[in-house]
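Each value in this text was obtained by applying a stated rule to the coordinates, not by laboratory testing. On a predicted model such as this, the values are computed, not experimentally measured, just so you know. Please note: Cβ atoms are built from the backbone with ideal geometry, for glycine as well, and neighbour counts cover all protein chains shown.
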């Protein structure tokens, strides 16, 4: 499951340690995009570890589901999307 | 016609649950005044003045405070939905959240699916799309509806010979739409019998044509803005186009070159940017503005909210004053909310498109109260006959009956503004020009005019980048909005005029 994590308090070293633990020690999630660290990151949580990871991270991180946006279009389309 | 629908909302400061040290102190004073007013008078109903253009009268906003969590914090209030846009512009810096009720989930029940079987013969029809010199037009999107209400028919894109073969269940066509990628106006025809072969010639775009945007804003006559205003376009990327200068930006898509924020080829972002700041053969409404491009749509696939959140943060860090978000979805996105809120807290206003789902509720993020939500309007006589724009004409019509709200535009009480979004000529990558329709086009029209207005106020541009700045900008904008005579669910407070 892909989620986005955002630090609750910028510069919080403890929460960075928490994320590090999840990613590199417990290996319960993998980093997909760390370009916004330390503030925010996109991670993939192994399905069976979702509850555990959420519990581990929620003290220091906001967790948001990844959502996708389509390019807006006002063209009329058929019911099957074509 | 005014409705008198009273609805309940929760008023909250822009950030957190009570007015904090970083917030605009006027917000705290306002919330406290609501509490004190009740204590002093014993009455929980009050009338609030409306911020309007000079000499423009509007009835005061009637607000009833139903409940309060704390003196400088959340208030449950009752207000006429028609007055929401007036309230948002007159008292910026507050989140306005509809009261919601949660129910126990219903028990699952068996579903009955009825599938219509395809029987009988289909009718083949080949449509050839050409220009006025009989040269084929490739990559035009063609769709023919035999049943428009249920969206049944055939469609696809023309090949290099300008042809598309359709298989239809009937030769009776209710509506035919042809959308070229660029350089031509679209085509529309209704209620006809289609033959085995149909040839359509498209009309070339004349960039001197007065579309609905240029009807209301004579862009060729507007002087370039002088003071530096930075506008972020978070989209498919911008350019290249000789009419556009991109001053900076970023590609926030994972795996792509961070410095490649040119258009991904789709053209949407370039068109949006042109409406704001084209300054060449055509002019946008804020020629002279500094455009920053943040590409969030990959070449294939949709934009992750992560990319959009990153783009908003980068736009704020790059010093942008306004952000244009011509994108949306039906669902709430808490992640995006946090960054839009953060932008507002740092003096940056986000403008977002209402969405194009045929008068559906306003989509997110436009529906979020700290975004300026923009619907699309059009004007008869600002597009050639037999174009797709003709099919967007739908009631209601404005005080001037030539004005209408586009049939595709989402509407609702979250709407703050309307702007031209039907038959808009703007830039397309590769030095082309295209006509597009959408709240995606209306949104940058509003963002661009906001940039032009902001450029006249160097004092506001120099304010520290905090919520007070954002609130002052909203107040500036509010006195330049005029109603076109639509109900507020269609136009919000009105249009920049």
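Per-structure values
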read-out	value
Degrees separating the helix B:467-478 axis from the principal Cα axis of chain B, which is the longest one	60 degrees
Reference-scaled alpha-carbon Rg (2.2 N^0.38 Å with N residues) for the stretch B:418-457	1.32
Extension gain (nm, one decimal) between residue B:55 and residue B:165, 0.36 nm per residue minus Cα-Cα	33.7 nm
Peptide A:58-71, shielding by other chains (average Cβ, 10 Å cutoff)	6
Equivalent ellipsoid, the stretch B:317-385 (semi-axes from 5 times Cα gyration tensor eigenvalues, Å)	26, 16, 8
Cα pair distances exceeding 27 angstrom across the stretch B:186-334, given as percent	34 percent
Largest-first principal axis extents, alpha carbons of the stretch B:187-246, Å	58, 27, 20
The stretch B:117-214: relative contact order as a whole-number percent, Cα under 8 Å and 6+ apart	32 percent
Helix-only [θ]222 nm of chain B, DSSP H runs n ≥ 4, -39500 (n - 2.57) each, per residue, nearest 500	-6000 deg cm²/dmol
Beta bridge orientation in the protein assembly as shown: antiparallel %, DSSP, nearest 5	70 percent
When the convex hull of its Cα atoms is projected in every direction, mean area for chain B (nm²)	26.3 nm²
Beta bridge orientation in chain B: antiparallel %, DSSP, nearest 5	65 percent
Candidates A:52, A:41, A:29: whichever shows maximal mean-square fluctuation once chain A is modelled as a Gaussian network with Cα springs under 10 Å	A:52
Normalised convex hull volume, chain A, alpha-carbon set, Å³ per residue	127 Å³
Alpha-carbon centroids, the stretch B:375-403 and the stretch A:7-82: separation in whole Å	44 Å
Principal-axis tilt of helix B:25-41 within chain B, Cα atoms, nearest 10 degrees	60 degrees
Isotropic mean projected area of the C-alpha convex hull, the stretch B:223-278 (nm²)	4.1 nm²
GNM flexibility winner over chain A from A:50, A:32, A:71 (Cα, springs under 10 Å)	A:71
Per residue, the convex hull volume that the Cα atoms of the stretch B:395-494 enclose (Å³)	132 Å³
Reciprocal of mean inverse Cα separation for the stretch A:12-60 (Kirkwood radius, Å)	10.8 Å
Dimensions (Å) - the protein assembly as shown, Cα atoms, principal axes, largest first	75, 66, 55
Rounded if a/c under 1.5, otherwise prolate or oblate - the stretch B:370-420, Cα gyration tensor axes	prolate
For the stretch B:246-303, projected area of the alpha-carbon convex hull averaged over all directions, nm²	4.0 nm²
For the stretch B:150-201, convex hull of alpha carbons as volume per residue, Å³	98 Å³
Separation in nanometres of the label points that stand 7 Å from Cα toward Cβ, at residue B:487 and residue A:58	4.2 nm
Residue order, fewest to most surrounding Cβ atoms within 10 angstrom, among B:333, B:72	B:72, B:333
Counting DSSP beta bridges with both ends in the stretch B:347-497, the antiparallel % (nearest 5)	50 percent
Efficiency of FRET from Cβ geometry, residue A:75 and residue A:2, R₀ 30 Å, rounded to 0.05	0.50
Acute angle (nearest 10 degrees) that the helix B:268-277 long axis makes with the longest principal axis of chain B, alpha-carbon atoms	60 degrees
Theoretical FRET efficiency, 1/(1+(r/R0)^6), r = Cβ-Cβ of residue B:330 and residue B:395, R0 35 Å, to 0.05	0.90
Partner chain coverage, peptide B:325-335 - average Cβ within 10 angstrom	4
Mean separation of Cα contacts under 8 Å, 6 or more apart, over the residue count of the stretch B:317-361: relative contact order %	54 percent
Chain A, relative contact order in percent, only Cα pairs under 8 angstrom and at least six apart counted	41 percent
Equivalent ellipsoid, the stretch B:284-402 (semi-axes from 5 times Cα gyration tensor eigenvalues, Å)	29, 17, 15
Nearest-0.05 FRET efficiency for residue B:402 and residue B:35, computed from C-beta distance (R0 51 Å)	0.60
